[in-house]
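Worksheet for the structure shown next.
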Amino acid sequence: MKAVRLTAWGREPALCEVERPVPHGADVLVRVEAAGLCHSDVHVIDSSPGALPYRPPFTLGHEVAGHVAALGPHAESPAVGERVVLYGPWGCGSCARCAAGRDNYCDRREDLGWHGVGLGRDGGMAEYVLVPAGRHLVPIGDLPADQAAPLSDAGLTSHHAVAGVRHALGDDSTAAVIGVGGLGHLAVQILRATTPSRVLAVDIREEALALARRSGAHAGTLMRADTARVLRTRTGGVGVDAVLDFVGNSATLELAADILRPGGELALVGSGGGQMTVRKPGFLPPGFRLSLPFWGTRPELAEVIALARSGALHVEAERFPLSAAPEAFDRLRRGRVSGRAVLIPG
Ligand code: NAD
Ligand code: ZN
Ligand code: ZN
């Protein structure tokens, strides 16, 4: 079968011919219908050797939807033919966190050598993907695959990040979303669907601000020298209650610190490598709280799928055949994707 693989550190991913995996034990073999491209894939591809615990070669793709093609002898569910999305942050499977469906915060994460499907383990940018346990699969019914796949990371991570700051987002609150790409456009929709907050979007691209408005943002602002002032003005001078930063460079962290209201929440999701100084006394607002949400929990994935099936979420997806993965990656790198690029195997 065809698979998009990271063959070695420092190389671009390659379309390879590999053996179709055979399910053993409790494995479930999934025929892939769609696999999303995440900016984290770009960070992985660009990593220097040793920076991540993964050992190439492996197949990329951590946002995956499809249907069950075959079961290992000890796998009982889901049934062959069932349409599913993969819960991707596979943990050790035996610690208390994994038992509770919180593999994203597995206690043995440091020892595993992977962070999930397509992140050190063979992923879904292929015709088939092997899933080590049925508990990693969530049914999607008739949800289109190009919708379901991005929901498993872009949607789930955004939902989990919003959940962490939800207590700050009551009536008359304001949330700022920085970076309206694959994750950000779903964060805007999740904020609108699950909180009463006013949503302000920030990006460096006009097209991304247009996507933010289509996603339900009340206003959009280009990232510029005066952005903090513009956003403060939009909150009547008080500042925002929560910032969801899907970029995470030093400029966006500085913006977040500038616009947060006392008691404000910063959820740092983007892996932009920026730094901020925490000092007391200092410049951060009193009561400032920072979280570093990683992906999300299995129950949250079921919630995201239910939200989408109710019509509250729509992924803006650009579809590419699997063989066009290099072009799709190139467009993602150059900021030319609107929403999410999704690979559709033949
Ligand atoms: P994306 O490329 O689809 O979107 C990024 C958006 O940010 C684009 O619209 C881009 O124009 C905008 N942007 C870039 N630089 C900016 C700046 N300086 N100011 C404002 N906007 C800027 O990326 P994505 O797939 O949505 O991923 C976003 C980030 O989240 C990446 O760093 C990714 O690695 C990270 N991520 C983290 C998790 C997690 O669990 N914490 C999960 C998935 C992705
Ligand atoms: Zn991702
Ligand atoms: Zn675990």
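The values are calculated or read from the model by the stated rules, or taken from the named source; none is laboratory data. Only a predicted model underlies this, so the values are computations on that prediction, with no experimental measurement involved. Quick reminder, even Gly has a Cβ in these numbers, built from the backbone with ideal geometry, and neighbours come from all protein chains shown. With ligands, DNA and RNA removed, areas are computed over all heavy atoms of the protein, side chains included. Shrake-Rupley method; radii C 1.70, N 1.55, O 1.52, S 1.80 Å.
Net length available on complete extension from A100 to K280 is 61.1 nm, with 0.36 nm assigned per residue and the Cα-Cα distance removed.
For segment 18-162, the Cβ-based charge dipole about the Cα centre amounts to some 300 debye (Lys, Arg positive; Asp, Glu negative; other atoms uncharged).
Of the solvent-accessible surface of segment 1-112, computed with a 1.4 Å probe over protein heavy atoms with every protein chain present, carbon and sulfur atoms account for 49 percent. Given the whole protein assembly as supplied and a 1.4 Å probe, what does the accessible area of H314 come to in Å², nearest 10? Near enough 110 Å² of accessible area. When the helices of the chain are scored as -39500 (n - 2.57) per DSSP H run of n ≥ 4 and the total is divided over every residue, the value at 222 nm lands at -7500 deg cm²/dmol.
Result for the chain in a Gaussian network model with C-alpha springs under 10 Å: among G282, G182, G93, the largest mean-square fluctuation is at G282. Among V240, V202, V80, which one moves the most in a GNM of the chain with springs linking Cα atoms closer than 10 Å? Judging by the Gaussian network model, the answer is V80. Using the Stokes-Einstein relation with a Kirkwood hydrodynamic radius computed over Cα pairs, the translational diffusion coefficient of segment 238-314 at 25 °C and a viscosity of 0.890 mPa s comes to 176 µm²/s.
Only loop residues by DSSP count here, and only those with at most 13 other Cβ atoms within 10 Å; note down the GluC sites (Glu not before Pro) in segment 1-72 that meet that. Of the GluC sites (Glu not before Pro), the ones in loops of segment 1-72 whose Cβ has at most 13 other Cβ atoms within 10 Å are E19.
Within the listed set G170, G296, G123, the Gaussian network model of the chain (springs between alpha-carbon atoms below 10 Å) gives the highest mean-square fluctuation for G170. Quick one: Debye curve from the C-alpha atoms of segment 1-102, no solvent, what's log10 I(q)/I(0) at q = 0.10, 0.19 Å⁻¹? With no solvent term, the Cα-only Debye profile gives -0.34, -1.16. If we count chymotrypsin sites (Phe, Trp or Tyr not before Pro) as exposed when they sit in a DSSP loop and have at most 15 other beta carbons within 10 Å, what is the longest stretch of the chain that avoids them all? Here the longest segment lacking exposed loop sites spans 1-282. Divided by 2.2 N^0.38 Å, where N counts the residues, the Cα radius of gyration of segment 157-271 comes to 0.90. Go through segment 1-100 and name the trypsin sites (Lys or Arg not before Pro) that are in a DSSP coil and have 13 or fewer other Cβ atoms within 10 Å of their Cβ. Passing sites in segment 1-100 are R11.
Evaluated with a Cβ-only charge set (Lys, Arg +1; Asp, Glu -1), the chain carries a dipole of roughly 640 debye about its Cα centre, given to the nearest 20. For D111, the accessible surface of its heavy atoms amounts to roughly 120 Å² (probe 1.4 Å, protein chains only, rounded to the nearest 10).
The mean accessible area for residues of segment 178-225, using a 1.4 Å probe and ignoring ligands and nucleic acids, is 37 Å² per residue. Taking every alpha-carbon pair in segment 56-120 and binning the separations at 5 Å intervals from zero gives 4, 17, 19, 21, 24, 13, 2 percent. Modelled label positions at R224 and I204, each set 7 Å beyond Cα in the direction of Cβ, lie 1.6 nm from each other. Here segment 73-130 and segment 240-282 have alpha carbon centers that stand 31 Å from each other. With only the Cα atoms considered, segment 135-188 has a convex hull volume of 107 Å³ per residue.
Extension gain, S250-R232: 0.36 nm per intervening residue step, less the Cα-Cα distance, totals 4.5 nm. For GluC sites (Glu not before Pro), no site in segment 191-258 is both called loop by DSSP and has at most 11 other Cβ atoms within 10 Å. As a length-normalised measure over Cα pairs under 8 Å and 6 or more apart, the relative contact order of the chain settles at 18 percent. Annotation: Cα Rg of the chain relative to the compact-globule expectation 2.2 N^0.38 Å equals 0.97.
Modelled label positions at R108 and R309, each set 7 Å beyond Cα in the direction of Cβ, lie 3.2 nm from each other. Our estimate of slack between S77 and E17, defined as 0.36 nm per intervening residue step minus the Cα-Cα distance, is 18.7 nm.
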